[in-house]
Structure formats: structure tokens, C-alpha cells
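Step one of this worksheet: look at the structure below.
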Amino acid sequence: MNKRIYLCLAHMSGKEQDFIKEAFDTNWVVPLGPNVNGFEEDLKRFVGQDREVVALSAGTAAVHLALLACGVGPGDEVIVQSFTFCASSHPVTYLGATPVFVDSEKETWNMDSQLLEEAIVDRIAKTGKKPKAIVPVYLYGMPAKIDEIMSVAGKYEIPVVEDAAEGFGSIYKNRMCGTFGTYGVLSFNGNKMITTSGGGALICKDVEAKREIMFYATQARENYPYYQHEKIGYNYRMSNICAGIGRGQMTVAEEHIAHHKHVCDLYRDLLKTVTGVTLHENPSVDYDSNYWLNTVVLDEDLRVIGEENAYATTVQGVVGGAAGVTHAVASLHTDCEPNTNVEAMRVFLDKAGIESRPLWKPMHKQPIYANNPAYLNGVSEALFKVGLCLPSGPCVTDEDVHYIVEQIKAAIVK
Ligand SMILES: *Cc1c(COP(=O)(O)O)cnc(C)c1O
């Protein structure tokens with residue numbers, strides 16, 4: 001095999017270029033226009049529940065503006081699922097507020113509602129104030145126990161910002177993830193379920209909420225013939241070019257989701273007989289994950305070829321490194337890292353031309369958040385040590401999945 005198999009590469013429908021060409025032909029090369037409106041209409045129809053959608057420049061921007069609209073400001077606290085990508089929690093800090101981390105439950109790997117309630121009660125006792133918002137996440141597309149989370153949030157009257165960046169098209173009890181809370185975050189980064197090259201959206205409850213988000217996404221301009229500013233705004237609107245890609249992608253969104261689920265079915269089938277490697281799956285019929293990334297956990301006593309050399313050298317292609325600049329590391333280890341068999345599996349697959357990746361390192365284990373309050377049960381840290389993400393995107397063929405599982409088997413010491 002000489003091609004490389006990636007986790008989730010963007011895949012174009014072919015229609016994207018038509019929408020972009022139209023934008024050029026009609027001179028709509030700006031952060032508004034027919035593609036932005038059209039993409040928002042497509043998304044609105046897709047998520048249902050009579051929600052409104054605002055297209056933005058990134059999922060991170062969507063988290064940021066949702067929190068702003070929830071009134072989060074300096075000195076406030078926001079409860080965030082610890083087991084996530086940093087874009088769920090970093091915007092809390094942009095606003096001068098403090099993320100308070102809550103651990104996950106074992107079934108979905110998402111926010112544990114019991115711990116959430118403990119955290120709320122304890123924060124009120126310790127600070128005299130309620131947290132300003134709650135940010136649960138749909139990790140790798142798996143629906144959270146959002147009804148339980150909503151019920152705790154409702155009891156304390158705290159708004160919920162669902163981070164559905166990875167859960168585009170995931171369904172919980174017949175309802176689209178991202179439509180339960182006050183706001184729902186979507187991401188269209190290059191590696192997500194659909195892409196606009198880079199982009200995001202915020203699902204809002206009504207037209208009024210949408211208008212407020214659009215106001216802050218366009219530098220908060222007051223209604224005068226000149227630029228009058230009474231609030232601090234942001235330049236977060238999606239461009240009409242990116243939205244053209246999004247409209248093209250929406251023509252294949254259902255296909256992409258079906259493909260990710262099909263890849264999951266194949267992994268399930270092929271991994272059935274592989275002891276020590278367990279696929280993460282929908283816990284019951286209430287859950288309908290989009291399987292954005294299929295993930296497995298490795299038994300601690302599974303022996304993998306090359307394990308004795310795991311972490312012997314620093315990684316060259318650090319995760320996400322291709323997309324930006326990363327710092328060289330001073331040491332080969334941190335105080336919390338995947339088990340040696342997981343790292344050995346990653347290296348073995350990498351040499352076989354297969355990209356795999358550890359699960360998100362929990363935010364409460366990140367040096368930058370070392371002093372933040374955290375309500376823990378050990379679940380996310382334990383999963384981080386044993387988990388691995390496998391190729392799952394629209395470019396991954398059946399043949400690829402067979403090859404990947406063959407290589408996983410080949411990596412295991414008999
Ligand atoms: C991708 C992602 C985001 C948003 O990311 P952008 O790259 O800014 O679009 C937010 N939260 C999670 C959990 C994500 O995976």
C-alpha cells in the first residue's frame with residue numbers, strides 16, 4: 001500500500017465549485033451574500049426543531065459568541081466537559097471567565113450529569129454565584145445524555161451551549177444534537193463531517209437570538225449612517241466563498257454521515273474476533289452517533305509490537321501539526337499520556353501508512369488549566385490512556401478498513 005489513510009479528509013461533492021463560481025460571477029466575494037443565506041437555510045432545514053442558524057468563520061467563534069450571548073464575562077465561571085478539544089473551553093478564557101471542568105460518564109464518554117449537579121452545588125457554595133453556562137460535548141459524534149444534562153441545567157436555570165462540532169447529524173431520542181440547548185455549535189473545519197475549508201455555525205432558538213449573534217459577529221455596529229460602537233464586536237461572519245463550499249457539501253451531508261456509520265459497521269464486524277480491542281458504540285437505541293471518528297480502546301494487557309520503544313523519540317508529525325505551527329517539546333513524557341501499547345499501536349499503524357490518534361487529552365490534565373476547578377471521577381483520564389481514533393472519513397474505503405484491521409491484528413504480539 002503506498003497511499004496514506006487519514007482519519008477524516010475533506011471530500012468534495014463537485015457542486016462546491018458551481019456555488020463559488022456564482023459568487024465570483026455576481027461579485028459576492030464578501031462575508032455575506034446569497035451563499036451565506038443559502039447555507040444557513042440548508043442548515044436550518046437539516047437540524048429542524050424550528051431552529052435558526054448563523055454561519056460563522058469557525059466553530060471556535062460559535063462557542064465564543066454563544067458564551068458572550070449567555071452573558072459570560074470577567075470573573076464568571078462556565079462548566080465545560082473536560083474530555084474535549086480545546087475549542088470547547090478556550091473561548092471561556094477569551095471572555096475573562098474560568099472554565100470549571102466536569103468529567104464524563106462511561107457509556108457515551110460525555111458529561112456526567114450527576115457530577116454536573118455536584119459541580120453546580122459546590123460552585124454556588126464556594127463562590128456564591130451560579131456558573132453562567134454549561135458546555136456539554138458530543139465527543140467523536142456520540143450523543144451525550146443530553147436529557148439528563150438539560151434537566152440539571154433547567155433545575156438551576158443555567159443556559160446550555162451544546163458543542164456539537166463533532167456531532168453534526170447525530171441524533172438523540174429522535175432529535176438532532178445541537179437543538180436541545182439555548183445554543184448549539186457546529187464546525188466545518190477541514191476534518192469535520194462536512195467542511196467549508198474552515199467555518200462554523202451557531203444554532204439559535206429564534207430569529208431574535210440569531211440577530212443578536214449576527215450583530216456581535218459583524219463588529220457590533222449601531223444603526224447610524226456612520227460607524228457607531230456601543231458594544232465590542234467580532235469579525236466572525238462566514239465568507240460567501242466558504243458558504244459556497246458549504247452549500248455544495250450539504251448536497252452530500254447525508255451521504256457522508258451514512259458512510260461514517262458504514263465504516264463503523266465494518267470495524268464492528270472485523271474487530272469482533274480481535275480480543276483486547278473494543279470499538280466505542282451507541283449504548284442503546286436512544287443514541288444515533290454520526291461516528292465522525294470511530295474509536296477503540298486497547299486492554300492494558302494487550303501486548304503490541306514495538307512497545308518497549310514507545311515514547312523513545314519525540315514525534316515528528318505532531319497531531320494537527322500540518323495545520324499550524326507547534327512547539328518543539330523539551331521532554332519525551334508528560335504526567336498523563338496514553339499507555340505504551342497505545343503509542344506502539346499508533347506508531348505501527350503510522351508505519352503502515354495509517355493515521356491514528358490518541359483521544360483528546362482531558363482539559364483538566366492540560367498544564368494551561370492545571371489550577372482550574374475540576375469535578376472528576378477518573379473516566380476521561382482512564383479513557384485517554386487506552387483510546388485510539390481510527391480513520392473514518394468519506395475517503396476511507398471498505399478495502400482500507402480491511403487493511404487497517406489487518407494491520408491492527410499484525411501489531412498485536414501473539
Ligand atoms: C472542531 C471542534 C470545535 C470547533 O473548531 P473550529 O476548528 O474552530 O471549527 C469545537 N469543539 C470541538 C469539540 C471540536 O472538535
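Which shape class, rounded, prolate or oblate, goes with segment 223-293 when its Cα gyration tensor gives a ≥ b ≥ c as root eigenvalues, a/c under 1.5 marks rounded, and past that a/b bigger than b/c marks prolate?
Values: a/c = 4.19, a/b = 2.67, b/c = 1.57.
Taking the square roots of the gyration eigenvalues as a ≥ b ≥ c, segment 223-293 is prolate.
Give the calculated FRET efficiency between residue 41 and residue 325 to the nearest 0.05, with a Förster radius of 30 Å applied to their Cβ-Cβ distance.
Numbers: r = 37 Å, r/R0 = 1.23.
Calculated transfer efficiency: 0.20.
Quick check on segment 1-64: take the gyration tensor over C-alpha atoms, sort the square-rooted eigenvalues as a ≥ b ≥ c, and tell me if it's rounded (a/c under 1.5), prolate or oblate. Display every interim value, and only then the final one.
On the way: a/c = 1.94, a/b = 1.28, b/c = 1.52.
In terms of gyration-tensor shape, oblate.
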Between 305, 79, 20, where does the largest GNM mean-square fluctuation fall for the chain, given springs only between Cα atoms within less than 10 Å?
305
Taking only Cα atoms and a 10 Å spring cutoff, compute GNM fluctuations for the chain and point out the largest among 24, 101, 348.
24
Using r as the Cβ-Cβ distance of residue 114 and residue 86, and R0 as 22 Å, what FRET efficiency do you calculate, to the nearest 0.05?
0.30
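Can you give the extra length, in nm with one decimal, that the chain gains between residue 223 and residue 129 once fully stretched, where that is 0.36 nm per residue apart less the Cα-Cα distance?
On the way: separation 94, 0.36 × 94 = 33.84 nm, distance 3.52 nm.
So the extension gain works out to 30.3 nm.
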Hey, for a label at residue 308 modelled as a point 7 Å past Cα toward Cβ, could you say which residues of segment 337-351 have their backbone N under 11 Å away?
none
Return P(r) of segment 254-411 (all Cα-Cα pairs; 10 Å bins starting at 0; whole %; ordered from short to long distances).
10, 36, 36, 17, 1
What are the residues whose amide H is under 5 Å from the amide H of residue 56, where those residues sit 5 or more places off or on another chain and H is modelled from the backbone?
200, 201, 202, 238
Fully extended, how many nm does the chain gain between residue 174 and residue 275 (0.36 nm per residue separation, minus their Cα-Cα distance)?
33.0 nm
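Summarise the accessible area of the chain (1.4 Å probe, protein heavy atoms) by the percent that is carbon and sulfur. Write down the numbers at each step before the final one.
Values: 9470 of 18230 Å².
Carbon and sulfur: 52 percent of the exposed surface of the chain.
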Can you list the residues, at least 5 places off or on another chain, whose amide H is less than 5 Å from the amide H of residue 354, using H built in the peptide plane?
5
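Could you provide, to the nearest whole Å², the per residue accessible area of segment 255-388 with probe 1.4 Å? Please report the intermediate quantities before stating the final value.
Working: 6790 Å² over 134 residues.
Per residue, segment 255-388 has an accessible area of 51 Å².
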Please give every one of the lysines within straight-line cross-link reach of residue 261, meaning a C-alpha to C-alpha distance under 28 Å, and leave out same-chain neighbours fewer than 8 residues apart.
3, 15, 44, 106, 145, 173, 192, 272, 351, 361, 385, 409
Please work out the average accessible area per residue across segment 16-252, using the 1.4 Å probe convention, and give it in Å².
39 Å²
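Sort the following peptides by mean Cβ neighbour count (other Cβ atoms within 10 Å, averaged over residues), highest first: 44-53, 259-268, 384-393. Mind showing how you got there, number by number?
Working: 44-53: 16.4, 259-268: 19.2, 384-393: 22.5.
Ranked by mean Cβ neighbours within 10 Å, highest first: 384-393, 259-268, 44-53.
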For the chain, modelled as a Gaussian network with Cα springs under 10 Å, which listed residue fluctuates most, 72, 325, 342?
325
Using label points projected 7 Å from each Cα along Cα→Cβ, tell me how many nm separate residue 27 and residue 155, to one decimal.
6.0 nm
Scale the Cα Rg of the chain by the rule-of-thumb value 2.2 N^0.38 Å and send over the ratio, two decimals.
0.98
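Per the helix-only calculation at 222 nm, which mean residue ellipticity applies to the chain, given -39500 (n - 2.57) for every DSSP H run of n ≥ 4 and division by its residues, nearest 500 deg cm²/dmol? Spell out each step's value before the answer.
Numbers: 12 runs with 140 residues, N = 414.
After summing the helix terms and dividing by residue count, I get -10500 deg cm²/dmol.
The values are calculated or read from the model by the stated rules, or taken from the named source; none is laboratory data. Remember, predicted model here, so these are calculated numbers, not experimental data. Counting neighbours? That spans all protein chains shown, and the Cβs are built from the backbone with ideal geometry, glycine included. Ligands, DNA and RNA are excluded from the accessible area calculation, which covers all protein heavy atoms including side chains. Shrake-Rupley method; radii C 1.70, N 1.55, O 1.52, S 1.80 Å.
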